[in-house]
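Engineer: Got a structure for you, written out below as structure tokens; questions coming shortly.
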């Protein structure tokens, strides 16, 4: 067997011998064993190593500090609030929210809630046609033709609107 054929195995989150989960900062031992099927990895606790170090003969072994995987970053903005805000601005149809509607639709496209299905050019504007993935609803979004130097300001405006929209929906304590 060639070493290039060995599948890289990620660190375990619990001891292979005791099944007790590791805590962040715990000293752990990684043991590589070579058998007829290739290499096998075991991550074990300091205690398990102390009990078995004289009776095992790994191909390789090393000591390290266990690092817990980072927590998933919180969703910066709730999907429902982005969608609800877009729906509200579409219902209101106020021209001052043209750029905001465009950015909200782009956010929902990135989250795979809306999918682009068509682009229509009229003499006066370009209209993006989206379909809501779950409901099948059609959303018509006017492309405001934003330049890159305008995007930051519109994104900041959207963030403020979403934050204030979320704060307005929080129950009072």
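Values in this text are rule-based calculations from the coordinates and carry no lab data. A quick note: this is a predicted structure, and the numbers were derived from the prediction, not measured. Because the Cβ atoms are built from the backbone with ideal geometry, glycine has one as well, and the counts that use them run over all protein chains shown.
Engineer: On a C-alpha basis, how far is the centre of the range 94-150 from the centre of the range 27-59 in Å? Whole number, if you could?
Structural biologist: 56
Engineer: Further question: Take 28, 113 and order them by how many other Cβ atoms sit within 10 Å, fewest up front.
Structural biologist: Numbers: 28 22, 113 19.
With the fewest neighbours first, 28, 113 line up as 113, 28.
Engineer: Let me ask something else. What number does the range 11-65 give for Rg over Rh if you use C-alpha atoms and the Kirkwood radius? Intermediate results must be reported in sequence, preceding the final value.
Structural biologist: Working: Rg = 10.9 Å, Rh = 11.4 Å.
That ratio is 0.96, to two decimals.
Engineer: A further question on this structure: Taking the number of other C-beta atoms within 10 Å as the exposure measure, put 146, 86 in order starting with the fewest. Before the final figure, lay out the partial values.
Structural biologist: Numbers: 146 15, 86 25.
Neighbour counts put them in this order, fewest first: 146, 86.
Engineer: Pick the calculated Cα extents along the principal axes in Å for this structure from (1) 53, 33, 30; (2) 80, 50, 34; (3) 72, 34, 31?
Structural biologist: Of the listed options (1) 53, 33, 30; (2) 80, 50, 34; (3) 72, 34, 31, (2) comes from this structure.
Engineer: Taking the beta-carbon count within 10 Å as an exposure proxy, list 161, 104 from fewest neighbours to most.
Structural biologist: On the way: 161 19, 104 29.
Exposure proxy ranking, most exposed first: 161, 104.
Engineer: Next up: Using only the Cα atoms of the range 79-167, what semi-axes does the equivalent ellipsoid have when each is the square root of 5 times a gyration tensor eigenvalue? Give whole Å, largest first. Don't skip to the end; give the middle numbers.
Structural biologist: Values: eigenvalues 73, 59, 27 Å².
They are 19, 17, 12 Å, listed largest first.
Engineer: For the chain, calculate the relative contact order in percent as a whole number, restricting contacts to Cα pairs under 8 Å that are 6 or more residues apart. Numbers along the way, then the final one.
Structural biologist: Values: 203 pairs, mean separation 25.6, N = 173.
Relative contact order for the chain comes out at 15 percent.
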